[in-house]
Amino acid sequence: MPAIAVLGAQWGDEGKGKVVHLLSRDADYCVRFNGGTNAGHRVVTSRIPVGANGDHEPTQEFKFHLIPSGALHEGCTGVLGHGMVIDPYALVHELNALRELRGREPEIFVSSNAHVLLPYHPIVERLEGSQTALDTTAKGIGPAYRDKTARIGLRMADLLFPERFLEKLALVLERYRTVWPDHAEMSRLRAEALAEEVLTLAENFRDRIVDTVHLLHDALAHNKYIIFEGAQAALLDLDLGTYPYVTSSTATIGGIGSGAGVPPQQVNRVIGVAKAYTTRVGSGPFPTEVPDRLGERLRAQGHEFGTTTGRPRRCGWLDLVALRYAVMVNGFTEMALTKLDVLTGFSEIPVAVDYRYRGRTLREFSAICEILQECQPIYERLPGWQEPLSDCRDFFELPTAAQKYIRFIEDAVGIPISIISVGPGDEQNLWR
Ligand code: IMP
């Protein structure tokens with residue numbers, strides 16, 4: 001049975017949720033291993049089975065922030081791994097929404113070692129100004145991971161020991177109050193009241209808090225089918241991305257080892273998900289950004305507004321320099337290319353094949369922002385197509401120019417594109 005990783009190959013929002021949802025129809029487990037509510041995985045489905053006769057719901061949209069997208073399928077258990085930082089308020093909200101949608105109890109497990117993101121984390125993020133400086137999602141992700149590395153974080157396991165939870169919470173709050181003694185919002189947070197609120201919320205999922213490392217290894221030993229759902233993406237990875245304009249977790253293949261406890265050699269397929277063009281939310285260098293009318297057209301045609309924050313996404317052409325880097329650091333075995341339909345109607349489609357940096361040609365991506373922001377893309381201009389693609393279901397139904405576009409990318413990155421998405425619906429795909 002396969003273990004498949006689905007990872008973002010650009011700056012996030014590539015459509016990982018849709019790919020995971022498609023691949024996890026027959027999966028036993030779908031596992032998140034990094035991030036928290038900063039992720040927003042939007043799944044549009046016409047195939048949620050309802051009732052014993054196998055009827056399907058009409059098209060429905062579901063936005064996942066914490067629960068793995070595969071958990072929409074009956075029989076697929078969602079696992080929230082220990083590399084995540086989990087907001088218990090958001091978790092309960094999502095569990096309730098999923099319960100309402102599916103008419104039954106969601107099947108999930110939460111790692112006892114996952115960190116709990118608490119209401120002071122977004123406050124700290126705001127007070128420190130990183131929300132403004134880095135244009136983060138403002139969910140408190142950075143401060144939650146910082147508490148983890150500073151070894152003062154609270155973990156899911158702490159919710160199993162209420163007295164210890166209160167003690168630890170009181171210590172952390174005391175620390176923060178010392179840093180911001182005059183801040184009203186911070187001063188209002190009382191350890192007893194907050195502990196009681198969070199412990200009450202935890203009643204909704206306390207029996208789901210387990211050692212997910214052993215759970216997953218046991219599943220692998222029993223030949224279960226597992227999907228690892230990456231959040232964020234290679235260029236937002238804390239170590240490999242465009243630091244400091246990155247998130248605070250490991251969004252690349254290594255995150256599965258550190259954030260789920262499963263060594264990468266257990267993963268037989270590593271699928272990189274990329275859009276047919278590029279988007280980025282938040283600050284940071286973006287060499288192929290098209291800030292003019294063409295960029296606006298991409299944003300309008302692709303509905304490029306954030307799932308989590310609603311922010312307009314910055315849009316630009318496909319960047320093969322960045323994509324080659326993502327393939328290299330993740331060891332992708334194949335790619336899924338999404339939103340190809342959005343490129344319909346452009347007379348030509350520029351694709352960055354190299355960069356020009358201080359008069360030199362750069363073939364290799366640099367994650368050093370000072371270098372990257374001076375890089376000018378060297379474009380190859382490929383012919384566009386005018387036909388809508390949303391009804392294509394086979395590669396050979398695509399216009400010749402679109403087929404050439406796909407083959408050009410495959411040649412440039414050296415791996416096959418096995419899934420092509422031509423619309424948000426779960427039928428709008430070409431499998432190769
Ligand atoms: P944080 O993860 O909220 O700390 O935000 C850090 C950077 O990562 C910001 O530029 C965010 O816009 C970006 N980011 C975080 N999560 C996502 C995501 O799921 N999709 C796209 N960008 C993201």
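Based on Cα contacts under 8 Å between residues 6+ apart, the stretch 148-230 shows a relative contact order of 26 percent.
Structural descriptor for the chain: relative contact order 20 percent, calculated from alpha carbon pairs under 8 angstrom and at least 6 residues apart.
When the chain is treated as a GNM with alpha-carbon contacts under 10 Å, the residue of Asp158, Asp292, Asp147 showing the greatest mean-square fluctuation is Asp292. Overall form of the stretch 187-235: oblate. Here a/c, set by the Cα gyration tensor axes a ≥ b ≥ c, is 1.5 or more, and a/b is not larger than b/c. Taking only Cα atoms and a 10 Å spring cutoff, compute GNM fluctuations for the chain and point out the largest among Gly310, Gly35, Gly15. Result for the chain, Cα springs under 10 Å: Gly310 fluctuates most. The relative contact order of the stretch 20-169 comes to 21 percent, based on Cα pairs under 8 Å that sit 6 or more residues apart. Among Lys275, Lys63, the order of accessible area from largest down is Lys63, Lys275, computed with a 1.4 Å probe on protein heavy atoms.
Apply the a/c threshold of 1.5 to the C-alpha gyration tensor of the stretch 246-385 and tell me whether it is rounded, prolate or oblate. It comes out prolate by the Cα gyration axes. Of the GluC sites (Glu not before Pro) found in the stretch 340-412, the ones in coil according to DSSP and having at most 12 other Cβ atoms within 10 Å of their Cβ are Glu364.
If you sort the three axes of the alpha carbon gyration tensor as a ≥ b ≥ c, you get a/c of 1.5 or more for the stretch 321-372 and a/b no higher than b/c, which makes it oblate.
Given a Förster distance of 30 angstrom, what is the FRET efficiency for Lys224 paired with Arg393, based on the Cβ-Cβ distance and rounded to 0.05? Given R0 = 30 Å and the Cβ-Cβ separation, E is 0.50. Run through the DSSP bridge list for the chain and note the antiparallel percent, rounded to the nearest 5. Taking every DSSP beta bridge within the chain, about 45 percent pair in antiparallel fashion.
Basic side chains Lys and Arg get +1 at the Cβ, acidic Asp and Glu get -1 at the Cβ, and with that the dipole of the chain about its Cα centre reaches some 660 debye. Maximal additional length on extending the Arg356-His217 stretch stands at 45.4 nm, based on 0.36 nm per residue less the C-alpha distance. From its DSSP helices (H runs of at least four residues, each -39,500 (n - 2.57)), the chain gives a residue-normalised ellipticity at 222 nm of -9000 deg cm²/dmol.
The values are calculated or read from the model by the stated rules, or taken from the named source; none is laboratory data. Just so it is clear, the structure is predicted and the values come from calculations on it, not from any experiment. Using ideal geometry, Cβ is built from the backbone for each residue, glycine included, and neighbour counts are taken over all protein chains shown. Accessible surface areas use protein heavy atoms only, side chains included; no ligands, DNA or RNA. Shrake-Rupley method; radii C 1.70, N 1.55, O 1.52, S 1.80 Å.
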